[in-house]
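Asks: One structure, pasted below without further comment.
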Amino acid sequence: MKNKNCYFLIALLLCTSGLYAQLGIKAGVNLANEIKSFSQAYIAAGFSSKNLTGYQIGLIYQAMPKKSGLGCEIGALLSQKGSTFSDSTNIANVIKQGYKELNYVEVPFNIRYRILLGFIGVYGIAGVYGAYALSGQTVDEKTNSIQKENYQSFMDHVDYGYNLGGGLELFKKIQFGFNWSQGLKNTSNSTTGMPTPTNSTNRVYNINLVYLF
């Protein structure tokens, strides 16, 4: 048994000795929107949705073989999604206007490829993410009312989708990036204060800064 454990440790060291891995802090700004479709034409005509400015912050772990530009990354992030909205379908001649914020814990997993040009690097990423909603609120700016969505009120906490992005890297330490994520999960069950859409998915444009230790 001792010999088997020894062989396992040796194999693990051989696999990781050629791997260059870094842990970093990631912070950025989200431009989030909910892409909605409605079953009735008059609801779709009376409802509009625009980008909501939110935040994204957390940890990122990047691993890459020393002799290759191809690697991967995984993160643990707090990410705010949602949208601003205008709805004139509830009551005639009354417009409901405001915004919805949803706070998620998000775990992205991306394949990344980097090209080094001296101390400057150019990289691209592609992958998937999974997210879990913790809290949120819908604010009606016309009536100055707030409808809270706490942990227990969500009918479905889960969101998932895919990521695409890229950016510049300096000294293998600082990264300036742009990311686009598109949700695949229908999140309309967690919509409050608005007409229930047939389908609703999260779409987020993100500008971010990463510092690697």
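Asks: Considering only the range 182-201, state which residues are closer than 15 Å to TYR104 by Cβ, modelled with pLDDT under 90 and assigned to a strand (DSSP E or B).
Replies: Residues satisfying the conditions are SER200, THR201.
Asks: May I ask you to list the residues in the range 73-114 that are of a type in the set (Asp, Glu) and at pLDDT below 95?
Replies: Answer for the range 73-114, where residues must be of a type in the set (Asp, Glu) and at pLDDT below 95: ASP87, GLU101.
Asks: Which condition breaks for VAL204 when tested against (1) modelled with pLDDT under 75; (2) within 14 Å of GLY28 (Cβ to Cβ)?
Replies: Going through the list (1) modelled with pLDDT under 75; (2) within 14 Å of GLY28 (Cβ to Cβ), VAL204 breaks only (1).
Asks: Residue under question is ASN179, and the condition is that it be under 21 Å from PHE85 (Cα atoms), part of a strand (DSSP E or B) and at pLDDT 90 or above; does it hold?
Replies: So ASN179 does not fit the description; no.
Asks: Would you please name the residue that is surrounded by the fewest Cβ atoms within 10 Å (Cβ to Cβ), looking only at residues in the range 117-145 that are part of a strand (DSSP E or B) and free of Cβ contacts under 8 Å to residues at least 12 places away in the same chain?
Replies: Ranking the qualifying residues of the range 117-145, first place goes to LEU117.
Asks: Determine the pairs where a residue that is touching a residue at least 12 places away in the same chain (Cβ under 8 Å) and outside any strand (DSSP E or B), located within the range 68-85, has a partner that is surrounded by fewer than 22 Cβ atoms within 10 Å (Cβ to Cβ) and of a type in the set (Ser, Thr, Tyr) with Cβ atoms under 7 Å apart, the partner being 6 or more residues away or on another chain.
Replies: Partner pairs satisfying both residue conditions: GLY69/TYR113.
The values are calculated or read from the model by the stated rules, or taken from the named source; none is laboratory data. Nothing here was measured: the structure is a model prediction, and the numbers come from that model. Virtual Cβ from ideal backbone geometry, glycine too; neighbours counted across all protein chains shown.
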